[in-house]
Amino acid sequence: MTLHEEHAELLRKALSQPAELADVDWADATLEVVETKEQALVSKTARVVEEVSLRKKGDDHVETIHEKLRRQEAEVQQLDATGKPRRA
């Protein structure tokens, strides 16, 4: 990006020869000079470019197991505060 600026400068030059009074412009005039400067303007804009969605899929299946079930027994005893078995 190329930017352009314009500035005004006032130049003065000393003269070694005296001017004739007839050559001097004694009129009271105003001269206007406009300075310009370009500035870069950058902006951001959000744009939607794609949509993302999530899907969850669940499957159930039945599995047949061919095993023999063994019998298990458990015996439960209640203990007192001293750790001895209680009598029922």
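For region 67-81, the criterion of being outside any loop (DSSP other than H, G, I, E, B), open to solvent by less than 100 Å² (accessible area, probe 1.4 Å) and in contact with a strand residue (DSSP E or B) (Cβ under 9 Å, 6 or more places away or on another chain) is satisfied by at least one residue.
Inspect region 16-32 for any residue being open to solvent by less than 100 Å² (accessible area, probe 1.4 Å) and on the phi > 0 side of the Ramachandran plot and give the result as yes or no.
Checked against the condition, which is being open to solvent by less than 100 Å² (accessible area, probe 1.4 Å) and on the phi > 0 side of the Ramachandran plot, region 16-32 yields no hits at all.
The values are calculated or read from the model by the stated rules, or taken from the named source; none is laboratory data. The model shown is predicted, which means the values in this text are computed figures rather than measured ones. Cβ atoms come from the backbone with ideal geometry, glycine included; neighbour counts cover every protein chain shown. When the accessible area is computed, the model is the full protein with side chains, heavy atoms only, and any ligands, DNA or RNA have been set aside. Shrake-Rupley method; radii C 1.70, N 1.55, O 1.52, S 1.80 Å.
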